[in-house]
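Comments concern the structure below.
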Amino acid sequence: MPELPEVETVVRDLLRAGVVGSTISGARNGWPRTLQGISLRTFRKRVVGARILDVQRRAKYIVIPLTSRQWLLIHLRMTGRLHIEGADQPVSSHERAALQFADGRELRFVDTRKFGRWRLVRDIDTVLGDLGPEPLAPGFTAKHLHKILQSRRRTLKPLLLDQHVIAGLGNIYVDEALWEAGIHPCRISSTLASADAQRLHSAIRTVLRRGIRSMGTSLGTGKGNFYSVAGRRGRNQDGLRVFRRHGEACPRCEATLERLVVGQRSTHICPTCQVMRKG
DNA sequence: GTCTATGTTTGCGG
DNA sequence: TCCGCAAACATAGA
């Protein structure tokens, strides 16, 4: 579901929809736990009258700075979706939270599985402070990645999924990146050579950029799939090389792709391109 | 109808 | 520190 490219797509769509500058006039909350650590009553008191200053992304968080020095942080988790709609449009039965704007539009959060969260904070670091580096940031170099990998002795895939280590990767893009780099997900991070780290670094950036360019990965058509603002589907599913393609031929060597479980996550590899060496 | 798996994150126990 | 497991939930598919 929403990993870095999907969240980036939502952020861009929100900016394109023109939410920046909107004044908040009210709020709804259909599922109390969605508004993490705050009652609707308090939430309303703090946001009504505030204006949206920007929409940004950090890791898989949507970061919305408001006037009055507050931040609204939205995490889509598995099934969260955001929509900008007129107040007169019918409300989904799965709507968990919404902001009403003075111009008659609303920012609506629809989340079937109810894992998504909205947080309203004055100090952004209480939520974002412990996240690892952004893999697409200019300062994130292959050398930097190699250092991270060397500093831990952990199975590679769970390490790459750990948001404290690198921020923004999820199951889909990790599998794609490891295939792209030709590295087995069960390798121990500290055993990767500098050349491995360089290939992995390049692969991570390649698959993330491709995901953003394709406006995200929307597998299937069910309620659990990724849709951006206005219900737009991504098309990165057509660009996936291995994820959920077990049984098909590897695009590089024609071997049959396999599915295995690593760190309790379904994992997709080419057994020929991604061999276990040391570790 | 039943059972299993699911893209995320957090927290617990070993 | 690290890992495995369960939970937070609803739905799709076998």
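The values are calculated or read from the model by the stated rules, or taken from the named source; none is laboratory data. Just so we're clear, the structure is a prediction, and the values are computed from it rather than from any experiment. Here the Cβ is made from the backbone with ideal geometry for all residues, glycine too, and neighbour counts use every protein chain on show. All accessible areas refer to the heavy atoms of the entire protein, side chains included, with ligands and DNA or RNA removed. Shrake-Rupley method; radii C 1.70, N 1.55, O 1.52, S 1.80 Å.
Within the option set A:PHE43, A:PHE115, being on the phi < 0 side of the Ramachandran plot and at pLDDT 95 or above holds for one residue only, A:PHE43. Pairing each residue of segment A:156-168 that is at positive phi and in contact (Cβ under 8 Å) with a residue 60 or more places away in the chain with any residue that is assigned to a helix (DSSP H, G or I) and within 11 Å of DNA strand B (Cβ to nearest atom), provided the two are 6+ apart or on different chains, yields C-beta distances under 8 Å for A:GLY168/A:LEU4; A:GLY168/A:VAL7. Within segment A:68-94, the residues that satisfy the criterion of being within 19 Å of A:LYS223 (Cβ to Cβ), hydrophobic (A, V, I, L, M, F, W, C) and either touching a Cys at 6+ places or on another chain (Cβ under 9 Å) or open to solvent by 60 Å² or more (accessible area, probe 1.4 Å) (or both) are A:MET78, A:VAL91. Restricted to segment A:133-155, and to residues there that are within 15 Å of DNA strand B (Cβ to nearest atom) and touching a residue at least 60 places away in the same chain (Cβ under 8 Å), the residue that is surrounded by the most Cβ atoms within 10 Å (Cβ to Cβ) is A:PRO135. Among the residues making up segment A:195-204, those that are open to solvent by 30 Å² or more (accessible area, probe 1.4 Å) and under 20 Å from A:ALA137 (Cα atoms) are A:GLN198, A:ARG199, A:SER202.
Close Cβ contacts (under 6 Å, 6 or more residues apart or on different chains) running from residues in segment A:36-58 that are farther than 11 Å from A:TRP71 by Cα to residues that are part of a helix (DSSP H, G or I) and open to solvent by less than 60 Å² (accessible area, probe 1.4 Å) comprise A:ARG57/A:VAL7; A:ARG57/A:GLU8; A:ARG57/A:VAL11; A:ARG58/A:LEU128. Residue pairs whose Cβ atoms lie under 8 Å apart, separated by 6 or more positions or on different chains, with the first residue in segment A:72-91 and under 14 Å from A:SER228 (Cα atoms) and the second open to solvent by 80 Å² or more (accessible area, probe 1.4 Å) and away from DNA strand C (no atom under 16 Å from the Cβ), are A:HIS83/A:ALA230; A:ILE84/A:ALA230. Scanning segment A:57-108 for residues that are under 19 Å from A:THR23 (Cβ atoms) and touching a Pro at 6+ places or on another chain (Cβ under 7 Å) gives a single hit, A:TRP71. Tallying residues that are assigned to a loop (DSSP other than H, G, I, E, B), aliphatic (A, V, I, L, M) and open to solvent by less than 10 Å² (accessible area, probe 1.4 Å) within segment A:171-194 yields 2. Select from segment A:1-37 the residues that are assigned to a loop (DSSP other than H, G, I, E, B) and crowded, with 18+ Cβ neighbours inside 10 Å and write down the one among them that is farthest from DNA strand C (Cβ to nearest atom). By that ranking, first place goes to A:SER22. Flag: A:SER218 matches the condition of being within 12 Å of DNA strand B (Cβ to nearest atom) and surrounded by 15 or more Cβ atoms within 10 Å (Cβ to Cβ).
Among (1) crowded, with 19+ Cβ neighbours inside 10 Å; (2) out of contact with any Leu (no Cβ under 6 Å at 6 or more places or on another chain), which single condition is A:LYS114 missing? So A:LYS114 meets the others, but not (1).
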